[in-house]
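Worksheet: the structure to be examined is printed underneath.
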Amino acid sequence: MYPYFESDRMAVKCCPSARQLAVEQMEFYAFAHFTVNTFTDQEWGDGTEPESVFNPTAFDADQWVDALRSAGVKGLILTCKHHDGFCLWPSAVTEHSVKNSPFRGGNGDVVREVSDACRRGGLKFGVYLSPWDRNAAVYGQGEAYDDFFCRQLTELCTNYGELFSVWFDGACGEGPNGKKQVYDWNRYYALVRELQPNACLSICGPDIRWCGNEAGDTRESEWSVLPTGFLSPEEVAAKSQTSDSKEFREKKIDAMEKDLGSRGFIENATGFAWRPSETDTSIRPGWFYHASEDGRVRSTETLLDIWYRTVGGNSLLLLNIPPDRRGLFHEVDVQRLREMGEYIRKTFADNLAENAVITASSDDGYHLPENVKVNNYDAYYKPFDGENAVTLTVKLDGIHDVSHVVIKEHIPMSQRIEHFAIDAKQADGSYAEVASGTTVGYQKIARFAPVSTDEIRIRIEDSRVCPILSFIGVY
Ligand code: FUL
């Protein structure tokens with residue numbers, strides 16, 4: 001369909017690390033924003049809140065975990081310290097923590113209780129530690145604050161078991177002395193790598209990329225392979241004498257950019273990195289709990305729509321559920337989570353592809369189409385190199401009502417697909433197109449009005465280089 005550029009070949013050399021692959025397979029995990037703000041009705045505390053305000057009356061982390069499990073969530077990231085500087089654990093380097101609050105008589109540790117509850121309930125645990133600290137006296141003093149921050153990071157990375165994510169927020173404002181801090185990111189990263197080698201460094205870190213908004217919006221084409229740099233204008237001019245395209249592009253990567261992977265966008269890239277997208281959004285308008293928002297919890301329908309577009313659109317879903325002043329998830333939020341989980345479990349209970357016969361327009365003789373019946377990365381389907389368009393046919397064991405097709409690329413060998421379409425066979429033997437799209441990546445969930453059919457056809461119309469599939473599901 002298109003001429004091929006060197007950049008396509010370069011991009012597919014880029015694959016996920018083991019820690020990225022593990023987090024990508026979690027698909028859907030939660031955020032809990034909880035601190036003094038919960039009790040002062042704020043979104044951002046200014047660091048002057050007295051510790052005494054932090055006083056949950058019926059704190060129960062198992063209640064959080066049960067609600068999250070009912071939705072099918074696989075992990076939880078807790079705001080151990082937000083911008084106000086209040087620590088939910090008894091940090092040794094500050095007095096501004098739970099140890100000076102009425103919670104559990106000053107002997108409480110929210111991070112301990114939440115991480116223990118996660119482990120009991122089979123959820124992975126991660127930490128949010130805000131570099132911006134509006135309480136710490138040393139904030140804005142360079143190395144003195146980096147030392148302070150690294151001691152807090154060390155406490156969280158050593159005392160609470162294995163972490164799947166260390167989530168660094170980009171916010172950087174003034175501290176109590178009116179100064180901003182220049183963060184020593186490389187020092188923070190090295191510390192986390194040493195203490196928690198399996199944790200992803202998320203957002204302000206190299207492993208997981210912010211999707212670019214907090215509203216739950218997603219891209220039509222989401223790529224996990226991102227350019228790390230572009231040729232200079234002179235280099236582009238020199239290259240254009242031999243290249244097909246003379247169009248000049250000088251681009252810097254912006255998290256909010258819509259197009260991060262078209263051939264035009266990556267054409268003059270000098271390198272690539274695997275940077276999967278994560279969509280962080282809240283079940284309510286705010287990140288923290290406000291009783292005034294009890295009537296504004298997102299509907300199950302909206303939450304499912306976000307789930308389809310993220311988990312089914314090559315982005316991770318990080319959904320925030322803010323605990324209330326009791327230290328519990330509010331009843332409305334709990335109900336929404338349960339309804340989400342029930343719908344997802346019911347919809348994907350029976351994979352019709354398991355009893356189907358799967359064939360392909362071609363294969364390389366080793367990686368056969370039937371391999372896509374098993375949802376893991378042990379085996380995959382692959383055509384010969386150079387075959388960038390293929391058709392897979394899923395012959396069902398009879399006529400069924402079909403409304404969903406799930407496609408997963410074998411991302412241990414990068415992300416390749418650029419266009420696909422799905423057809424259902426009609427009673428008269430002809431095919432009707434029921435869905436089409438662009439990128440697939442970790443997973444594409446195509447949903448369409450139910451069709452009665454005994455055969456589904458998946459046309460991979462174009463790929464950066466030959467497509468490799470690990471899984472197909474039909475529901
Ligand atoms: C932002 C913060 O300022 C918000 O309060 C929230 O924590 C969100 C996830 O990240 O940068």
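Legend: Rg and Dmax of the stretch 1-71, from Cα coordinates, 22.2, 65 Å. The residue among C150, L163, G140 whose Cα reaches farthest toward the positive pole of the charge dipole of the stretch 136-180, with charges on the beta-carbon of Lys, Arg, Asp and Glu, is G140. Within straight-line reach of K180, meaning a Cα separation under 26 Å, sit the following lysines at least 8 residues removed in sequence or on another chain: K81, K252.
Do any of K74/K444; K258/K444; K124/K382; K74/K382; K13/K408 go past 25 Å between their Cα atoms, and which?
From K74/K444; K258/K444; K124/K382; K74/K382; K13/K408, over 25 Å: K124/K382; K74/K382.
Give me the base-10 log of I(q)/I(0) for the chain at each q in 0.10, 0.14 Å⁻¹, Debye formula, one uniform scatterer per Cα, rounded to two decimals. Listed by q, the Debye log ratios stand at -0.80, -1.31. Think of each Lys and Arg Cβ as +1 and each Asp and Glu Cβ as -1; about the Cα centre, that makes the dipole of the chain roughly 420 debye. Among H367, H33, the order by Cβ neighbours within 10 angstrom, fewest to most, reads H367, H33.
Want the number for K13 to F384: 0.36 nm per residue separation, take away the alpha-carbon distance, what's left?
Details: separation 371, 0.36 × 371 = 133.56 nm, distance 1.70 nm.
Result for the pair: 131.9 nm of gain on full extension.
What FRET efficiency comes out for V332 versus D41 if R0 is 22 angstrom and r is the Cβ-Cβ distance? Round to the nearest 0.05.
On the way: r = 18 Å, r/R0 = 0.81.
About 0.80, to the nearest 0.05.
Distances between every pair of Cα atoms in the stretch 258-350, grouped in 5 Å steps from 0 to the bin holding the largest one, split as 2, 11, 18, 18, 14, 11, 9, 7, 5, 3, 0 percent. One chain, two ends: E174 and D397. Fully extended at 0.36 nm per residue, the span grows by 73.9 nm beyond their Cα-Cα distance. Relative to the current alpha-carbon distance between S436 and R69, full extension at 0.36 nm per residue lengthens the span by 128.9 nm.
Based on the Cβ-Cβ distance of E194 and N376, what FRET efficiency does E = 1/(1 + (r/R0)^6) give at R0 = 30 Å, to the nearest 0.05? The pair E194/N376 has a calculated efficiency of 0.45.
Translational diffusion coefficient, Stokes-Einstein: compute it for the stretch 139-289 using the Kirkwood radius over C-alpha pairs as Rh, at 10 °C and 1.306 mPa s, and state it as an integer in µm² s⁻¹.
Roughly 87 µm²/s, to the nearest whole number.
All distinct Cα pairs of the stretch 350-474 go into the 1/r average, and the inverse of that average, the Kirkwood radius, is 14.2 Å. The long axis of helix 143-159 is offset from the longest Cα principal axis of the chain by roughly 70 degrees. Rounded to the nearest 10 degrees, the inclination of helix 331-347 to the longest alpha-carbon principal axis of the chain is 20 degrees.
Specify the inter-centroid distance of the stretch 292-346 and the stretch 127-205, based on alpha-carbon positions, in whole Å. Using only Cα atoms to place each centre, the spacing works out to 28 Å.
In this Cβ point-charge picture (+1 for Lys and Arg, -1 for Asp and Glu), the stretch 350-474 has a dipole of about 280 debye about its Cα centre.
No value in this document is a laboratory result; all are computed from the given coordinates. Given the structure is predicted, the values throughout are model-derived calculations rather than measurements. A quick note on method: Cβ atoms are made from the backbone with ideal geometry, for glycine too, and the neighbour counts reach across all protein chains shown.
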